[in-house]
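The values are calculated or read from the model by the stated rules, or taken from the named source; none is laboratory data. Since the structure is predicted, the reported quantities are computational estimates derived from the model, not experimental observations. Note that each Cβ is placed from the backbone with ideal geometry, even for glycine, and that neighbours are counted across all protein chains shown.
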Amino acid sequence: MLKFEDRSVELRSGETVLEALERAGIDAPSSCRSGTCQTCLHRAVEGVPPPESQVGLTQGQKALGFFLPCVCLPTSPLTITRPDDVGARRDAVIRAIEPLAPDVIRLRVDADDFAYRPGQFLELVADGDLRRHYSLASHPEDDPFLEMHIRLHENGRMSRRLGEFKPGDRLHVAGPSGTCFYEGVHEDQRLLLIGAGTGLAPLYGVLRDALKRGHLGPIRLYHGARSREGLYLDEELKALSRTWTHVDYRPCLLDPNAPAGGDVAATALHAEQDVKDSAIFLCGGENLVKRLKRDFFMRGVSMKNIRSDAFTPSG
């Protein structure tokens, strides 16, 4: 049995999912039809795609149910959707808004049945057409809310709107999206988490998830900020590193007298020479993520071991 969104599609013996979709008149883009180009990528929201239909995909994509319909011969029922269809928009209620730094707030909202992995991001929607993407710092098993760390920008539309919200007000969330989460990591593998500003939010979620899942290998977290206030979870992370002896938290504050001037990318690249077998998570501005991804790849890290979430400014 094959179900595409809300529509049942007959699946004949020996027929691929792509062939069944096309025969049913459903628009399903494709190109190579051999499982190479990934043009036909879809996502299973119910059921498990056969391993042969996930060859070449990242561990994160596999964990989220992505597969290649052109080479997929299902052995069990599947409910599928297009890869760019995020979860349905849901009502959300603001639980708390509080400052973490002069230009960063913690937003906590309640949303029913919002399933996600720590480190993913959601779409926050206010006033109908005002929408932005924010990473999740919360953990679905420990927190009864969705938590975001949001930088406020002067004259930013969403920033101004968030300044007007108060607990009890309603907005909407959609998603989740993103594959920067703890998956496909060996429990003894070394974890390297590097981010700047509110790039800490997804890293904090990944760190909590790794510990909850019993990760045993060393974990090193670098967080960069321009000012002391920007290290907004400093005390909490120091306490966490004292509790977990295999967690090493390294705050990086811009300072001309500090090693590498306190630049988080330069500091991490100088300290982390032997990274070939590490699982690396990079979060923050596009330039930071691109630089670190390039340099760690040049040092022998496989791209499958690098997860990233690059923040892009709104238009």
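For the reader, a short list of remarks on this structure follows.
- If you go through the range 111-130 and pick out every residue that is assigned to a strand (DSSP E or B), within 19 Å of the chain's Cα centre (by Cα) and within 12 Å of L171 (Cα to Cα), you end up with 3.
- Taken across the range 88-97, residues that are within 30 Å of N305 (Cα to Cα), in contact (Cβ under 8 Å) with a residue 60 or more places away in the chain and among the charged types (D, E, K, R) do not occur at all.
- You will find that of H223, H270, H215, H246, the residue that is without any contact (Cβ under 8 Å) to a residue 40 or more places away in the chain and touching a Gly at 6+ places or on another chain (Cβ under 8 Å) is H246 and no other.
- In the range 157-213, residue surrounded by the fewest Cβ atoms within 10 Å (Cβ to Cβ) [restricted to those that are in contact with a Phe, Trp or Tyr (Cβ under 8 Å, 6 or more places away or on another chain) and among the charged types (D, E, K, R)]: R213
- Any hit, the range 261-283, residues being of a type in the set (G, A, S) and either touching a Ser or Thr at 6+ places or on another chain (Cβ under 8 Å) or under 21 Å from D143 (Cβ atoms) (or both): no
- Of everything in the range 214-232 that is farther than 16 Å from L282 by Cβ and basic (K, R), the residue that is surrounded by the fewest Cβ atoms within 10 Å (Cβ to Cβ) is R228.
- Any chance L221 is of a type outside the set (D, E) and in contact with a His (Cβ under 9 Å, 6 or more places away or on another chain): no
- Residue in the range 270-289 that is modelled with the lowest pLDDT, counting only those that are in contact with a strand residue (DSSP E or B) (Cβ under 7 Å, 6 or more places away or on another chain) and part of a helix (DSSP H, G or I): E286
- Scanning the range 226-243 for residues that are outside any helix (DSSP H, G or I) and free of Cβ contacts under 8 Å to residues at least 12 places away in the same chain yields no hits at all.
- For the range 31-53, the set of residues classified as in a loop (DSSP other than H, G, I, E, B) and crowded, with 18+ Cβ neighbours inside 10 Å consists of G35, C40, L41, P49, listed by residue number.
- Taking the criterion of being of a type in the set (V, I, T) and under 13 Å from the mean Cα position of the chain (by Cα), the only residue of the range 199-225 that qualifies is V206.
- Where a residue in the range 19-47 is under 19 Å from S177 (Cβ atoms) and its partner, wherever it lies, is of a type in the set (G, A, S) and crowded, with 19+ Cβ neighbours inside 10 Å, with Cβ under 6 Å and at least six apart: R43/G65; A44/G65
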